[in-house]
Each structure stands twice: as structure tokens, then as C-alpha cells.
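Please treat every number below as a calculation from the coordinates, not as lab data. Remember, predicted model here, so these are calculated numbers, not experimental data. When we count neighbours, we look across all protein chains shown, and the Cβ atoms used for this are built from the backbone with ideal geometry, even at glycine.
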Amino acid sequence: MMKKILLVLLIAAVYLAHQDSWNWSKADPMIFGFLPVGLAYHAGYSIVAAAMMAVLAALAWPKHLEDQEK
Amino acid sequence: MIPVIVILGYLALIAFIGGIAFKKSKENTEDFFLASRSIGPLVFFLSIFATNMTAFAILGSSGQAYRQGIGIYGLMASSSSFVIPLTIFFIGTRLWALGKKFGHQTQVSFFRDRWECNHIGTVIFALSAAMLVPYMIISIMGGGTVLSAISTSPETHQALIAYPVGCAIVAVVVTLNVFLGGMRGTVWVNILQTLLFLCFGAVAVAVISHKLPHEFSYYMRNLAADPKTRFLVTREKMPPQVFWSYTLIPLSSIMFPHMAIMCFSARRVSAFKQTVVAYPLAILAIWLPCVFLGVLGFATLGKIPDPDGVLLRLLDAYAPAWLAGVLGAGIISAVMGSDAHQVLALSTMFTRDIFAHYGGRERFGERRSVHFARGFIVAVTLIAYLVALALKEKQGIFEIAVRYAFSGFAAMAPVMIAALFWKRSTKWGALAATLYVAAFLLWTALMQTGHKPGDILWQAGDIKVFFINPRGDVAFWNGFMTVLPMVLGSAFCVFLFSVLTPPPSAATIAKYFNATAPHAQP
């Protein structure tokens, strides 16, 4: 149960992180010198989303569905 | 001339792939529509990704970034990288399992059986087909436009491939590929398409950076320093309400018939595991360079008449001709990849959910059903081609229809979620939600055509509930997109009408919920 709650919180946290109001009017710092911070943040967000999916696939994979493969 | 040669070579390759897939095919519908549910993990990922990536991912994203700035990535790409893998994880895997166990090949056949009702399937089929057809037509229009644009000589301004010929080439190659290869031919082409896409962005950025007179940082700093262009490197002009509402749009992905059908085609459920992790990274690889180049295009080229062509113009100015050819092939490939899936999905639904369901299969047999599907593919592509020619000047109408189709499919997500996860959901709940979505779309279309920006459509007291925004689209309270009331209203309809009506039989509930429950027996 605890695992489920933590995973739901993880999904909620990643969702909330999408609404980065603090970057709304900012262009600086330019990451690597040329990527405006709002763009770099959301590029990083895609990597975080992939990491979240890796965690879900490792800890909450619907293993029972593999029965249908037989 | 070089880009045209690259593209024509690519098109010939696609037709050839269709021919090879044809040799591997068997004369039954499961093989034709789902490649015998045999798609392996890597091909599954490349194909499901290509299914979702239309030409918009390259041309539209850079064009929108040129107009609105870097916010487009967060608006469309990073929201998709969060939502789409989640829907594949929670919905796609369950659909796969139910398809494998009960032989479903489309969402419609699942809905029919799950809610013990033929009509609900037919209504959902009609709505899905109505939302998919404009998408298909616009794919052919897009293909014709791109071929014509790429083959236009800068000196004479004459197109080597005229628009009607370009549309015809796209329609014929798609038809050949799908007609001959079915799902197998389509996914093989998708492999090529996704690989082309994934490489293109990085190569384009590298080549363009090499030829530009200044470094990227110079252009970005200039944009940030000028108050008139600063919005391009921030989100100053992007309403937060639109940014938030947009996170609901990717819910549409899994509800597109071609996407759901792809989920049925996997050989093993483990194919989904790699897909959900790789999906956000693939979005990053394609969208980040395109959005960046769109903004860079404004900084380097200044004002241009056709923002969606910014990438082509950048390549013209700063890249060798072969790269423009690769881009053209990538765009055509994206147009045709998604078009092929749409044509195949329509054919699958029509053959399985209408023709076979209403007795055609018993009367004519499996082999004839495949012939019927092939005939349908030719007919539907021919009609789409003729419409693309006849209504070329009305392309804007189809573009609006496609925009609303995304909201419409997103609003159907609560129906799918209820079918998979809520035992108590009923056919009446699903029917109410479907009719609500259809009615809302119709109402929006009527309002959109009859009003101008600023018009209030419905006011309650001081609150403007619906109005036309400055862009000319129907908007919801406080500037939210209409997808918000559509999704919420659909979820409310499923809930309300389900609790007010009798639940499905215990046998059906046991059938579906034991099949996907953690301790189900195989």
C-alpha cells in the first residue's frame, strides 16, 4: 500500500513540476550559453518523465498481464 | 532537384517495403490488421511513436516556435512526454491483454462486449470515424503541399511536382503500402520514419550551427535583449490557462483508433515496458531541435510569410541540398506514416466493426474480408484524394476540424478509463459521454464559424462561460481551452448515467475484471 501511495505522489509531483510558473518570464540563465532556461527546464522535464516511467515499470509493472502471453 | 530525387527514392523504397510485407502476409484479418499480433519490442516502440508523430512534429513545431517561442515545447512536447507514456502504461497494456484474451482488434469491439451493447460500439465508431477523416484528408493535402514546395525552383518559382500530382503520389504510395502490406508494411515503414526523425534534428542543428555567421548564444541573447522579441525566449505571451489546459490534449493519443489498434498488435506486454521509458526521450530528440530552430529562424531570417516553412528556409540558407532532401523525406514520411495508420485503422474498424459484425464475415468468410478491407482502403484513399483536390482552398476548415478532433478524442478518455477500471460503469454512461462529446464538437463548430473574436457565446451573471478568443477559437471561462469542459463533462456523464442505470451482468464484469486483475488465471 505504501508503495502505491509513494508512486501516486511521484506521478503527482512530476505533473506539478510541469507547471513551472517561476520560469514564465525568465530567459536567463541560458543553459550551455544558448538554451533559454524555460526550454532547458522542459527538456530536462522530458528526461525526468522518462525516469518516472522507468520507476513505474520497475515497481508497478502489471506482471499479471504477462499471463496472456502464454 | 536533389531534394526531389531523395524524396522520390524514399517513396520508391516505401512501395518496395509494402511489396515485401505482402509476400510475408497471410490471408486473414488478424494478420492483415495486426500483423498476427507479432510486433516485437523495438519495432513496437518505433512504430507506436511514428503513429503519433505527424508532420506537425517537425514543420508545425518549428513554425509554432517561430510564432510563439520556446513555450511550445512545454505546451506540446513535455506535456506529451508525461501523459502519453502514462496512458500507454495504464491503458495500452490492459487493452493488449484483453485483445489477446478475447480476440479484440479494435476499441469498438472491446466496448461492445464490455458493455453488452452493439449500439454503443456503432455510435463510438461513427464519432471516431468522423474525427479521423479530416485528419486523413489533411495528411494528403500536407503531402501535396510539401512536395510542391520542395520541388519549387527558387529561380522560376515553378513547382516541378504540382499540388495535385503531389497529393496523388502520397495517396498512391500510402495505398500501395497499406493495400499490400497491411499492418506489417505500415510498421516497417514506421521504423524508417522514426529513425529518420530521430537523426534529423541533431544533424540539422549541427549543420546549421556550422554555417551560421555567429554562435547560437549570440542570437538567443539578442532575442532576449529586445523587448519586442523577448517573448520568443520566455513564455510572456503564453496564457497559463492555455498552458495548463493543454496537458489534457495528450489524453487523446491512446483514444485515436490507430493508436489503440497498435496496442493490440504487440507480441508481448513487455514491449510496452521499453516503449514507455523511451517515449519521452524520443520526444525530446525530435522536438527540442525543431523548437530551437524555429526560434533561431526568427533571429536569423526575420519576418517570413510562411512560418511553417521556417525549417525549410533555414536549410535552404545554411545547409547543403541533400539535408533539405532528407528533411523532405522525413516530412513526407511523417505525413504518410500517420496517414497509413489512419487509413488502416479506418479499414480495420469498418471491416471488423461494421462489415464483419453485421454478418459480412459469416457470409463471405475470412479471405473475402481481407479483400473487402483492401477495397475499402482504395476507396477511402481515393475519396480523401478527391476531397484534397476539390477543397484545397478550404484547408483551414480541416485544420480546425483536426484541432477539435484532438479535444474530442481526449474527451473520450474517461469512457476508456471507466471501461477498464470501473466495474460499475454502464453502456448508458458511455453512450451519454459519447453523445455529449459529439454534441459539444458540433456546437463548437457552429459557434466557430458564426462568430468573431471577442464575441461572448454564453454568459452567466458576470462570468463569461464561453467566448471567442483573439485567435478565433471557442474558449472556456477565464481563457481555458474547451478540452477542459469536454473532458470534465464526459467524465461526469459516464459517472452520473452509470450510477443511475443497472450495472452490466456479473458474468461480463467477472470476464473483464478477472482478466486484468493481479491474480487472474490465464
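Angle, helix B:270-301 long axis vs. longest principal axis of chain B, Cα atoms, 0 to 90°, nearest 10? So the inclination is approximately 30 degrees. In terms of other Cβ atoms within 10 Å, B:210, B:451 run from fewest to most in the order B:210, B:451.
Protection proxy ranking of A:56-67, B:293-304, B:120-131, B:313-324, by the mean of other Cβ atoms within 10 Å over each peptide's residues and highest first, is B:120-131, B:293-304, B:313-324, A:56-67.
Taking the fewest neighbouring Cβ atoms within 10 Å as the starting point, the ordered list for B:493, B:199 is B:199, B:493. Give the shape of chain B as rounded, prolate or oblate, defined through the alpha-carbon gyration tensor: a ≥ b ≥ c are the square roots of its eigenvalues, a/c under 1.5 means rounded, and otherwise the shape is prolate if a/b is larger than b/c and oblate if not. In terms of gyration-tensor shape, oblate.
DSSP loop (so not H, G, I, E, B), at most 14 other Cβ within 10 Å: list which chymotrypsin sites (Phe, Trp or Tyr not before Pro) in segment B:128-236 pass both filters. Sparse-neighbourhood loop chymotrypsin sites (Phe, Trp or Tyr not before Pro): none present.
Which value in deg cm²/dmol, rounded to the nearest 500, describes the helix-derived mean residue ellipticity at 222 nm for chain A, given -39,500 (n - 2.57) per DSSP H run of n ≥ 4 and division by the residue count?
Values: 2 runs with 39 residues, N = 70.
Value at 222 nm, helices only, nearest 500: -19000 deg cm²/dmol.
Relative to the longest principal axis of the Cα atoms of chain B, helix B:483-500 runs at roughly 10 degrees. Computed from Cα atoms, the angle from the helix A:37-59 axis to the main principal axis of chain A rounds to 10 degrees.
My understanding is that a pair violates if its Cα-Cα distance is over 20 Å; which of A:4/B:511; B:427/B:511; A:63/B:101; A:26/B:228; A:63/B:100 do that in this structure?
Details: A:4/B:511 25 Å; B:427/B:511 16 Å; A:63/B:101 15 Å; A:26/B:228 15 Å; A:63/B:100 15 Å.
Listed pairs above 20 Å: A:4/B:511.
The order of B:262, A:30, B:220, going from fewest to most other C-beta atoms within 10 Å of their C-beta, is A:30, B:220, B:262. Projecting the Cα positions of B:365, B:190, B:297 onto the charge dipole of segment B:2-393 (unit charges on Cβ atoms of Lys, Arg, Asp and Glu, taken about the Cα centre) puts B:365 furthest along the positive direction.
Bridgeable lysines around residue B:392 (alpha carbons under 28 Å apart, same-chain partners fewer than 8 residues away excluded): B:303, B:452. Annotation note: trypsin sites (Lys or Arg not before Pro) in segment B:5-61 located in DSSP loop regions with a Cβ neighbour count of at most 15 within 10 Å are B:26. Mean partner shielding of peptide B:319-332, defined as the number of other chain Cβ atoms within 10 Å of each residue Cβ, is 0.
What percent does the relative contact order of chain B come to when contacts are Cα pairs within less than 8 Å and at least six residues apart?
Details: 846 pairs, mean separation 147.8, N = 522.
For chain B, the relative contact order is 28 percent.
Estimated from helices alone, the mean residue ellipticity of chain B at 222 nm is -23500 deg cm²/dmol (sum of -39500 (n - 2.57) over DSSP H runs with n ≥ 4, per residue).
The distance separating the Cα centre of chain A from that of segment B:57-112 comes to 16 Å.
Dipole of chain B computed with +1 at Lys/Arg Cβ and -1 at Asp/Glu Cβ about the Cα centre; of B:492, B:81, B:143, farthest Cα towards the positive end is B:492.
Find the eigenvalues of the gyration tensor of the Cα atoms of the protein assembly as shown, then list the square roots of 5 times those eigenvalues as equivalent ellipsoid semi-axes, largest first, in whole angstrom.
On the way: eigenvalues 263, 174, 115 Å².
After scaling each eigenvalue by five and taking roots: 36, 30, 24 Å.
Segment B:335-351 and segment B:425-479 have Cα centres spaced 29 Å apart.
For segment B:76-179, what does the alpha-carbon gyration tensor say about shape, rounded, prolate or oblate, given a ≥ b ≥ c as the root eigenvalues, a/c under 1.5 as rounded, and a/b over b/c as prolate?
prolate
Across chain A, the relative contact order, built from alpha-carbon pairs under 8 Å that are at least six residues apart, equals 27 percent.
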